[in-house]
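First the structure, in the form of structure tokens, and then the observations on it.
The values are calculated or read from the model by the stated rules, or taken from the named source; none is laboratory data. The structure displayed is predicted, hence computed values, not measured ones. Reconstructed Cβ throughout: ideal geometry from the backbone, glycine too, with neighbour counts over all protein chains shown. Protein only, heavy atoms only, side chains kept; ligands, DNA and RNA dropped before computing areas. Shrake-Rupley method; radii C 1.70, N 1.55, O 1.52, S 1.80 Å.
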Amino acid sequence: MVAALIITLLMMPAFAHGLFSIKTSKKSYRAVLNSLLVLLGIAALFWSAWAGIVVIMLGLNNLLTYFAEKERLPLPRFNGFLTEHHNTITIAIVTVAVSGLLASEWMPLGVANSLYVNFLFISLIITLVLGSFKIFIHFYPNILHWCLEHKKTFFALPVMIILLGMNIWLGFGRIFGFVPEMTEKIGWNIRTSSVWSSLSHTFPGREKEFMPALDEGSFLLMPTSMPHSGVEANIRYLQQLDMRVQAIPEVSMVVGKAGRVESALDPAPVSMFENIINYKTEYINDENGYPIRFKVDKTGTFVRDDEGNLIPDRKGKYFRQWREHIKTPDDIWNEIVNATNDIPGVTSAPKLQPIETRLVMLQTGMRAPMGIKVFGPDLKSIEEFSLKIEQFLKEVPSVKPEAVYADRSLGKPYLEINIDRTAIARYGLNVADVQMVLDVALGGMPLTTTVEGRERYHIRARYAREWRDNPEVMKRILIPTPTGQQIPLGELAEIEYRTGPMMIRGENTFLVGYVLLDKKDGFSEVTVVEDADNYLKERIASGDLIVPPGVNYRFSGSYENQVRAEKRLAIVVPLVLMVIFLILYFQFRSTTTTLMIFSAIALAFAGGFVMLWLYGANWFMNFSLFGTNMRELFQMRTFNLSVAVWVGFIALFGIATDDGVVISTYLMQSFKKHTPENIQEVRKAVLEAGVRRVRPCLMTTATTLLALLPILTSSGRGADIMIPMAIPAFGGMAVALITLFIVPVLYFAREEYLIRRTSK
């Protein structure tokens, strides 16, 4: 934007001055210049065929028009046709050229469709946009004249749009909540009526989240086994997970880990698994991420070489690596869940991605996007209360029941050897003597170190495994006494299993346990947390859930970022609006004029929410064109209010006032040159200003809308953030066209009021 401002203020005036200062008194210069343009196009063919053809066609069009004006063409009817439609032909050439370039670079319908089909689709979009604006310009004077004559009727339209936007944002019940409160006083309960219920269900309010999940191209499967499972069982579980996931055709690689590495930064128990899953791209891409075409035969079958590899061919087809029913990465995750959810002794896992999960674990310590931290004085009370919370959370409608899991703090079996001090005293032994023998026999004594390059390994001496893995066999371990006797361990100590904690967590000097959960599709994280919190409070109030003394809980997860971001946006958004208002005021030096232009922001704000609501409506754009569903093409689904959406609104606020500024500037200049003396002259001046400035305003809107279309259809890396940012801008600019009527009508209403007040 800064570069565009510099070019507009400094470079464009100088360039325009130099261009329009060229003297072209001799019309023969036109023929010479256009001939040079054709030659330039021929030279450009060697650099870019597309650019060369476009330049040649533009030069030929200008040359033919030049000769047509002099009536030198062999067919007389062409003289009048070219002279009359020269500009239309130029626009057609540019439109076809831009459509061809976009079809090859953008490919909105995807690589599965041919270049010709993509070209037709882009040409259709450009034709619809420009054609709609052409019709708008044609009928604009008549519509504006009607609006000036029926101001009150016209203002009902923007008021309804703003009211609709508010209902979509905050919810019908919150906007009109005062109505049932008033009717209840007279004994009429309208909350149960079908109309009220239908409107409340249609406009429940936008749900909130921090940021949309980025597509990392991989998943992180993090199930757990039961605390009492041993190392061998966990290794077997890990192998089963890897084999089942690797069997999915869309998966390219699976790497599993059980337990933790030798680092204090990875306090993971041996029962926690981490399976990093990389899945294949939809089409085979090159190192830069662009799809590669491969050779096909006449029947459309891909041709392979002697080694079975595909053969690259620029004129071939793209090779799709996903099966027919796999459309999105979510479908791949569902395949992973179906393949791993029936392993006995292994829990389910929420949908995670490696980078996203690491950030969440660094922030909260949990391996899930959301969960509950239970604090208490001891592990037993924490586990008992966590299991009760797990049971009740499965009943919350917005929570995925299979993903709810409370950490089992206890239940890990530990082998304890309780030395009988009285028994060892009879043989002249002390506790240290017995422990030293056990340390060597069971744990092992390092004798030396072997060097393997940069690696070092201890060589330990200890009993064979069959003497260490069975408590009954361990009782036969002989303990030497000072007199030389060998006493079995079973006569000196009691060997038994006891359950204990698998892992001890602490936070803020308190012991803590986690209850993990995940949301169902169609719900935001903030909504799930609020629903779960309210449900648990209801259970506590009813006595179904009793909180033990010294135990408390709180929700944690990535939704906390949304809470912090919401507080910051509550400061940033009003500050942005205030700055825009001050900039407009310093330009026009009039509060009323500034408020007129500022009304476009309110209308664009509502239009952005209307577009967000339409994106979530299944009926909107639910049709196919050229074999492609439009909802899938434009990535239409429910988008929650996130930081990305609010950034889109902030950008919208800056461009929504452009049309109002253009019209208001011309109106002020026109009224300064000639002050109207009556209402008819005011109406005429306002109508003239609107007609003269409708084209640049529509040009600004058209360029903005067309520039946003590639973002709305994008599906690569970063599209998860860019699409929510573009939706409010697209919807707001589309609705902001009404500004072309609002500003003139408001300006006319003010001037009409001033004239009538002066005439009294």
- Message: Given the criterion among the hydrophobic types (A, V, I, L, M, F, W, C), farther than 30 Å from Thr527 by Cβ, in contact (Cβ under 8 Å) with a residue 40 or more places away in the chain and part of a loop (DSSP other than H, G, I, E, B), identify the matching residue among Val117, Val111, Val129.
- Response: Val111
- Query: Taking His325 and the conditions (1) open to solvent by 50 Å² or more (accessible area, probe 1.4 Å); (2) in contact with a Pro (Cβ under 9 Å, 6 or more places away or on another chain); (3) over 25 Å from Phe210 (Cα atoms); (4) in a loop (DSSP other than H, G, I, E, B), which numbered condition does it fall short on, given that it satisfies the others?
  - Reply: (2)
- Task: Among residues belonging to segment 334-347 that are surrounded by fewer than 17 Cβ atoms within 10 Å (Cβ to Cβ) and in contact with a Phe, Trp or Tyr (Cβ under 8 Å, 6 or more places away or on another chain), point out the one that is nearest to Met226 (Cα to Cα).
- Result: Gly345
- Given the conditions (1) part of a loop (DSSP other than H, G, I, E, B); (2) over 23 Å from the mean Cα position of the chain (by Cα), every one holds for Asn288 apart from (2)
- Would you check which residues across segment 522-546 are surrounded by 15 or more Cβ atoms within 10 Å (Cβ to Cβ) and aliphatic (A, V, I, L, M) and list them? Val526, Val528, Val529, Ala532, Leu536, Leu545
- Name the single residue, out of those in segment 421-432 being out of contact with any Leu (no Cβ under 7 Å at 6 or more places or on another chain) and either part of a helix (DSSP H, G or I) or farther than 29 Å from Ala493 by Cα (or both), that is least open to solvent (accessible area, probe 1.4 Å). Val431
- Note on the structure: Exactly one of Glu184, Glu207, Glu250 is at pLDDT 90 or above and of a type in the set (Asp, Glu), and that residue is Glu250
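One line per residue, one yes/no per condition, for (1) assigned to a helix (DSSP H, G or I); (2) among the hydrophobic types (A, V, I, L, M, F, W, C); (3) open to solvent by 60 Å² or more (accessible area, probe 1.4 Å):
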| site | (1), (2), (3) |
| --- | --- |
| Lys351 | no, no, yes |
| Val360 | yes, yes, no |
| Gln363 | yes, no, yes |
| Glu390 | yes, no, no |
| Val434 | yes, yes, no |
| Asp439 | yes, no, yes |
| Leu442 | yes, yes, no |
| Thr448 | no, no, yes |
- Message: Pairs please, first residue from segment 725-747 and without any contact (Cβ under 8 Å) to a residue 40 or more places away in the chain, second anywhere and open to solvent by 20 Å² or more (accessible area, probe 1.4 Å) and not in a helix (DSSP H, G or I), Cβ atoms under 8 Å, 6+ apart in sequence or on different chains.
- Response: none
- Number of the exception - Asp242 against (1) in contact with a strand residue (DSSP E or B) (Cβ under 6 Å, 6 or more places away or on another chain); (2) not in a helix (DSSP H, G or I): (2)
- Could you list, in sequence order, all residues of segment 365-378 that are surrounded by fewer than 19 Cβ atoms within 10 Å (Cβ to Cβ) and either outside any loop (DSSP other than H, G, I, E, B) or among the aromatic types (Phe, Trp, Tyr) (or both)? none
- Query: Which residue pairs have Cβ atoms under 6 Å apart, sit 6 or more places apart or on different chains, and have a first residue in segment 47-58 that is touching a residue at least 40 places away in the same chain (Cβ under 8 Å) and a second that is open to solvent by 40 Å² or more (accessible area, probe 1.4 Å) and among the aromatic types (Phe, Trp, Tyr)?
  - Reply: none
- Message: Filter segment 212-226 down to the residues that are open to solvent by 40 Å² or more (accessible area, probe 1.4 Å) and not acidic (Asp, Glu) and list them by number.
- Response: Ala213, Leu214, Met226
- Just for segment 567-595: of the residues that are more than 16 Å from Gly660 (Cα to Cα) and open to solvent by 80 Å² or more (accessible area, probe 1.4 Å), which one is farthest from the chain's Cα centre (by Cα)? Met578
- Please report, ordered by residue number, the strands (runs of 3 or more DSSP E) entirely within segment 454-573 with at least 3 residues that are charged (D, E, K, R). 455-461, 493-500
